[in-house]
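> Following this message is one structure expressed as structure tokens.
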Amino acid sequence: MLNLELLAFVALTLLTYSVFAPLRRSNHHATSQPEYNACLNHLPPELMSEVFRHLHDHEMTLRSCSLVCKTWVLLSRYHLFYRIHLNHANAPAFVALLKSQSGSTLSTFVRQVTIHRELSHPPWMKETLPVLSSYLHPTSLYLNIHNTLRNFVTFESEGFPTFKEDLSVFSDVFQDTAWLSLSLDCDTFSEGVHVVCAFPLLETLELRGDWFHGRQSYVPSDTPCLPAGVRSIACFQGGSPFFLWLLRQPHPPSISSLSLRDTYVTETIRSYLQTLGGTLQHLSFEPMSNQSTGSSDIDISHNVGLRSIAIHSQMDIISPAFQLLSQVRSSDIEEVVIEVTEHGSSSDLLDLGPTQLWSRLDMLLSTPRFSKLRNLTVTMPWSSIHEIGKNLLPVSNARGVLHVPSYAN
């Protein structure tokens, strides 16, 4: 693997050369433009791909690179159009671009599509998305859609109109989607379910909040089932009606990866974890900050096929980590991640927790049930966190499984 600092230096050197070399053409010793382009085209493609990969999020630099030579045009466009964001303002212009002479080439680069729909904007998706779908075949789709008229009385009274849109449009668009992230605000639970079930090839589902804020227990009996190919579910700040829907299906999906982040643990979620049994291999958990009982509210003793566990917490990390890992009954655990996610407080005010509990965790991880452990990653916002290997987890440190990555305060 290339050293990142060396790679960054190479990238900077190449880009600097690409900018300043044309300026030297006025000098009679300067290289001609054809010779200059030939030099760029003979750079190893593996090196150029790696350089452009590190420029993935630098739009202005990529735009400049696309003007250097033909080879760099394709490399730049791959990253410029890999992920696109659509809303009421730019969607018509992007459709026009796709219909242009270069549209067929640009459409092949698009792999991620984000659709942002505000309630205050006139409907545009039903007309635009079918056209986009005829050109684009993304595998990842992120939907951020405000589509309910409840709770907007004040908004309307201030003179701002509100507009709903027919979400059934998703039943016929972007059928190659395998990864779906939802942030929905719907009138009914069924409306959100039909959006999820519109993608037959779905493998990964990410749910941000509850898309339906009515009666939490209301899940219609006639709702369709989750696509059979879904193997990974991530839930952020909500999810009880969603998991109730899964439990009521004739054959609850066999999920191998489950992430519960900032989620209030309910009886429904506990029941779903038990239902997964030995099919669950990867679990990521972060209890809601105001849920005092923390991870003791979930039971993973039935999940005997677990291979990796990640525990996240905003403040106290050792208590939920020890409670959760004490429940492990799988003998296949290869990776454990322990992370403090709190960034707002001063690192000097944060407490590592009882030293005795860290020692008990260290001993727990040295028992036979964790004999396959290869990676224990501890991430916290402390400048002196590397002392954790010597003082708090000495046995894991001696085994060579402990990794404490640098964490910028």
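The values are calculated or read from the model by the stated rules, or taken from the named source; none is laboratory data. As the structure is a computational prediction, the values presented were derived from the model and not from experiment. For neighbour counting, all protein chains shown are included, and Cβ atoms are generated from backbone atoms with ideal geometry for every residue, glycine included.
> Is the range 87-94 home to any residue that is at pLDDT 80 or above, under 27 Å from the mean Cα position of the chain (by Cα), crowded, with 17+ Cβ neighbours inside 10 Å and not in a loop (DSSP other than H, G, I, E, B)?
For the range 87-94, residues at pLDDT 80 or above, under 27 Å from the mean Cα position of the chain (by Cα), crowded, with 17+ Cβ neighbours inside 10 Å and not in a loop (DSSP other than H, G, I, E, B): present.
> When you scan the range 108-129, do you find a residue that is aliphatic (A, V, I, L, M), assigned to a helix (DSSP H, G or I) and farther than 26 Å from Leu205 by Cβ, even just one?
no
> Scanning for something buried (at least 17 other Cβ atoms within 10 Å of the Cβ), in contact with a strand residue (DSSP E or B) (Cβ under 8 Å, 6 or more places away or on another chain), within 25 Å of Thr114 (Cβ to Cβ) and modelled with pLDDT under 90, does the range 210-222 turn up at least one residue?
yes
> Identify the residue in the range 322-351 that is buried (at least 16 other Cβ atoms within 10 Å of the Cβ) and over 29 Å from Leu273 (Cα atoms) and, among all such residues, is modelled with the highest pLDDT.
Out of the qualifying residues, it is Leu350.
This table checks each residue for (1) without any contact (Cβ under 8 Å) to a residue 24 or more places away in the chain; (2) closer than 22 Å to Leu141 by Cβ; (3) outside any strand (DSSP E or B).
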residue	(1), (2), (3)
Tyr218	no, no, yes
Cys225	no, yes, yes
Ala228	no, yes, yes
Ile233	no, yes, no
Pro253	no, yes, yes
Ser259	no, yes, no
Asp262	no, no, no
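> Still on this structure, I have one more. Going through Leu75, Leu106, Leu98 one at a time, which residue ends up being in contact with a Phe, Trp or Tyr (Cβ under 7 Å, 6 or more places away or on another chain), modelled with pLDDT of 85 or more, buried (at least 16 other Cβ atoms within 10 Å of the Cβ) and of a type outside the set (S, T, N, Q)?
So the residue among Leu75, Leu106, Leu98 that is in contact with a Phe, Trp or Tyr (Cβ under 7 Å, 6 or more places away or on another chain), modelled with pLDDT of 85 or more, buried (at least 16 other Cβ atoms within 10 Å of the Cβ) and of a type outside the set (S, T, N, Q) is Leu98.
> Still on this structure, I have one more. Pick from the range 144-190 the residues that are aliphatic (A, V, I, L, M) and modelled with pLDDT under 90: which of them is farthest from Pro123 (Cα to Cα)?
Going through the qualifying residues, I end up with Val153.
> Return the residues of the range 172-215 that are under 20 Å from Val110 (Cβ atoms) and of a type in the set (D, E, K, R); say none if nothing qualifies.
Across the range 172-215, the qualifying residues are Asp172, Asp176, Glu203, Glu206.
> Right, next: Out of Thr275, Thr223, report the one residue that is within 26 Å of Ile311 (Cβ to Cβ) and of a type in the set (Ser, Thr, Tyr).
Thr275
> Cβ-Cβ below 9 Å, separation at least six or inter-chain, first residue in the range 90-111 and among the charged types (D, E, K, R), second part of a helix (DSSP H, G or I) and surrounded by fewer than 17 Cβ atoms within 10 Å (Cβ to Cβ): which pairs?
As it stands, the answer is Lys99/Val131, since those pairs meet every condition given.
> Could I ask something else about it? Arg369: charged (D, E, K, R), over 28 Å from Ile255 (Cβ atoms), modelled with pLDDT under 95 and in contact with a Ser or Thr (Cβ under 9 Å, 6 or more places away or on another chain), yes or no?
Spelling it out, it is not the case that Arg369 is charged (D, E, K, R), over 28 Å from Ile255 (Cβ atoms), modelled with pLDDT under 95 and in contact with a Ser or Thr (Cβ under 9 Å, 6 or more places away or on another chain).
> Looking at (1) in contact (Cβ under 8 Å) with a residue 40 or more places away in the chain; (2) in contact with a strand residue (DSSP E or B) (Cβ under 6 Å, 6 or more places away or on another chain); (3) closer than 21 Å to Val169 by Cα; (4) not acidic (Asp, Glu), can you tell me which one Leu205 breaks?
With respect to (1) in contact (Cβ under 8 Å) with a residue 40 or more places away in the chain; (2) in contact with a strand residue (DSSP E or B) (Cβ under 6 Å, 6 or more places away or on another chain); (3) closer than 21 Å to Val169 by Cα; (4) not acidic (Asp, Glu), Leu205 is out only on (1).
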